[in-house]
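A short reminder: the numbers here are calculations on the coordinates, not readings from a lab. Since the model is a prediction, treat every value here as computed from it, not as a measurement. So basically every Cβ, Gly included, is an ideal-geometry build from the backbone, and we count neighbours across all protein chains shown.
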Amino acid sequence: MKPEFLRFHQLARQKKRYDYHIHTSWSDGRATVREFIMAALDKDMEAIAFTEHVRRTSTWFDSFIDEVKGLREKNTRLQIYVGIEAKALDFQGSLDANAHTIKRAEIVLGAVHRYPDNNGGYLDFQELSPDEASKIEFGLACALLKNPCVDVLAHPGGVFERLYHTAFPGAYLEEIVNIANQQSKTIEINSSYLKDFSYHLALFSKLNPLISLGSDAHHPAELDGGCDILAGF
């Protein structure tokens, strides 16, 4: 069962506490599934989603699902989802995840992590100007939103902002949100990638997209960051 996403204004009114972007020791996180569940219960959260990094060659996802579902049955106070975060492989929105994994995932985050070179490799970030990089990230994000397998666009513009320490162009972000609305896709508020959310929140208030809150937590202490950002709006 997939989680239900609310539009920005409804979510801001309801003040729901959840985190739909978490990485455990199954991928590059620093805590177990059980430790994250205990931390979420301690924070009185309503729901969490484990969204592990995968690749098309990943073979462990079924075992991961079995662990999460086993613990989910024992922790009925907390709604728990199991999913993936997969990067864009090309400008057609292809995901670095195999069909079996995508089918079993209850939530699929599509993310820009690298910039493909269209030859099976990736561009060198250091050889790109900010204008070139922002255009590439924009194109990849738009392609992910048009992939029917993607539920949520993770950290839009986030890789660009980490690389260049400047805001992702507002015109690109606005067009990304418009496409998300057209495609009935969800945009993530990610508390890890971005530091200044004022423009994002103003834009989301204007266009009212479907929103997912995610901390991109790799340790239980990082849980719930997206909720904190929205609470200040």
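Tell me whether region 7-231 comes out rounded, prolate or oblate; compute the Cα gyration tensor, take square roots of the eigenvalues as a ≥ b ≥ c, and use a/c under 1.5 as the rounded threshold.
In terms of gyration-tensor shape, oblate.
Taking a Cβ cut-off of under 13 Å around Gly157, the surrounding Lys, Arg, Asp and Glu residues balance to a net charge of -3, with basic ones at +1 and acidic ones at -1.
What are the GluC sites (Glu not before Pro) within region 26-83 that DSSP puts in a loop, where the Cβ has at most 10 other Cβ atoms within 10 Å?
On the way: sites: Glu35, Glu46, Glu52, Glu67, Glu73; in loops: Glu46.
Passing both the DSSP loop test and the Cβ count: no residue.
Database remark: amide H of Gly29 closer than 5 angstrom to the amide H of Thr24 (H placed geometrically; neighbours at sequence offset of 5 or more, or on other chains; Pro and chain starts carry no H). Scalar couplings 3J(HN,Hα) for region 193-201, obtained by applying the Karplus form with A = 6.51, B = -1.76, C = 1.60 to θ = phi - 60°, are 7, 10, 10, 10, 9, 4, 5, 4, 5 Hz; x denotes Gly and Pro. Each residue of region 76-81 was assigned a 3J(HN,Hα) from its phi angle through the Karplus expression (A = 6.51, B = -1.76, C = 1.60, θ = phi - 60°), giving 6, 5, 10, 6, 10, 10 Hz with x at Gly and Pro. Put in line by how crowded their Cβ is, counting other Cβ atoms within 10 Å and starting with the fewest, Met45, Met38 read Met38, Met45.
Phi angles across region 23-33 convert, under the Karplus curve 6.51 cos²θ - 1.76 cosθ + 1.60 with θ = phi - 60°, into 3J(HN,Hα) values of 10, 9, 5, 5, 10, 10, x, 10, 7, 7, 4 Hz, Gly and Pro given as x. Remark on Tyr20: its backbone amide H falls under 5 Å from those of Ala49, Leu213, Gly214, Ser215, a criterion applied only to residues 5 or more positions apart or on other chains, H modelled at 1.01 Å from N. By the count of neighbouring beta-carbon atoms within 10 Å, fewest first, Cys149, Cys142, Cys227 end up ordered Cys149, Cys142, Cys227.
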